Amino acid sequence: LGANIADRPWPGCGEIDVMELKGQNEDMLWGTLHGPNGSNGSTTTLDSPQTEWHTYAIDWLPDQLIWYVDGVKYGEVNKTDIDWVYDHENYLLLNLAMGGNLGGDIDPNLASTTMKVDWIRFSTINGLGEVILAK
């Protein structure tokens, strides 16, 4: 989610979803950019359900964003394809949608759920990019 959201409300600030999963659809994965002119990205079917461990990754380049799952590329969006608002600080988003427009109906017997994250790694290319911890 664009760190400038206070000055430019969503979706104008941009949103980069490293991964989006729907609670009721255990084998579908979305990699999505949300911006002022809508959403762009890709989907793929997971080889095993989201209850299994997976590695989700993006290459966020100055003019392109590429999504991977378990080391396999499954989507990309280029700067020339959309209104590019992804050239400023963003919050890291790992999204498990439960309810609402994306998550759909929730089983009334569901009291809670858990999303486990083992680790997150950040790398730079030629020293570009940095992690800024939220306070």
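The values are calculated or read from the model by the stated rules, or taken from the named source; none is laboratory data. Computed from a predicted structure; not experimentally measured. Note that we place each Cβ from the backbone using ideal geometry, even for glycine, and neighbour counts take in every protein chain shown. SASA here: full protein model, heavy atoms, side chains in, ligands and nucleic acids out. Shrake-Rupley method; radii C 1.70, N 1.55, O 1.52, S 1.80 Å.
Within region 41-56, identify whether any single residue is closer than 16 Å to Asn90 by Cβ and either touching an Asp or Glu at 6+ places or on another chain (Cβ under 7 Å) or open to solvent by less than 40 Å² (accessible area, probe 1.4 Å) (or both), and answer yes or no.
So in region 41-56, the residues closer than 16 Å to Asn90 by Cβ come out as 41, 56.
Checking which are either touching an Asp or Glu at 6+ places or on another chain (Cβ under 7 Å) or open to solvent by less than 40 Å² (accessible area, probe 1.4 Å) (or both) leaves us with none.
The answer is no, given that none of the residues of region 41-56 is closer than 16 Å to Asn90 by Cβ and either touching an Asp or Glu at 6+ places or on another chain (Cβ under 7 Å) or open to solvent by less than 40 Å² (accessible area, probe 1.4 Å) (or both).
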How about region 36-91: which of its residues are within 23 Å of Asp7 (Cα to Cα) and of a type in the set (Gly, Ala, Ser)?
Gly38, Ser39
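Of all residues in region 5-35, which are part of a loop (DSSP other than H, G, I, E, B) and open to solvent by less than 50 Å² (accessible area, probe 1.4 Å)? Steps first, answer last, please.
So in region 5-35, the residues part of a loop (DSSP other than H, G, I, E, B) come out as 5-14, 23-24.
Those that are part of a loop (DSSP other than H, G, I, E, B) and open to solvent by less than 50 Å² (accessible area, probe 1.4 Å): Pro11, Gly12, Cys13, Gly14, Gly23.
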Which residue is farthest from Asp17 (Cα to Cα), if the candidates are limited to region 77-91 and must be out of contact with any Pro (no Cβ under 8 Å at 6 or more places or on another chain) and open to solvent by 70 Å² or more (accessible area, probe 1.4 Å)?
Thr80
Does region 60-70 contain at least one residue that is outside any strand (DSSP E or B), in contact with a Gly (Cβ under 7 Å, 6 or more places away or on another chain) and surrounded by 17 or more Cβ atoms within 10 Å (Cβ to Cβ)?
no
Only one of Asn90, Asn78, Asn37 is of a type outside the set (Val, Ile, Thr) and within 29 Å of Thr113 (Cβ to Cβ). Can you tell me which?
Asn90
Given the structure, is Ser123 at pLDDT below 90 and either under 24 Å from Asn4 (Cα atoms) or touching a Pro at 6+ places or on another chain (Cβ under 9 Å) (or both)?
yes
Scanning for something modelled with pLDDT under 90 and either touching a Leu at 6+ places or on another chain (Cβ under 9 Å) or small (Gly, Ala, Ser) (or both), does region 70-90 turn up at least one residue?
yes
Only residues in region 19-33 that are modelled with pLDDT under 75 count as the first member; pair them with residues that are open to solvent by less than 10 Å² (accessible area, probe 1.4 Å), Cβ under 6 angstrom, at least 6 apart or cross-chain, and list the lot.
Gly23/Gly103
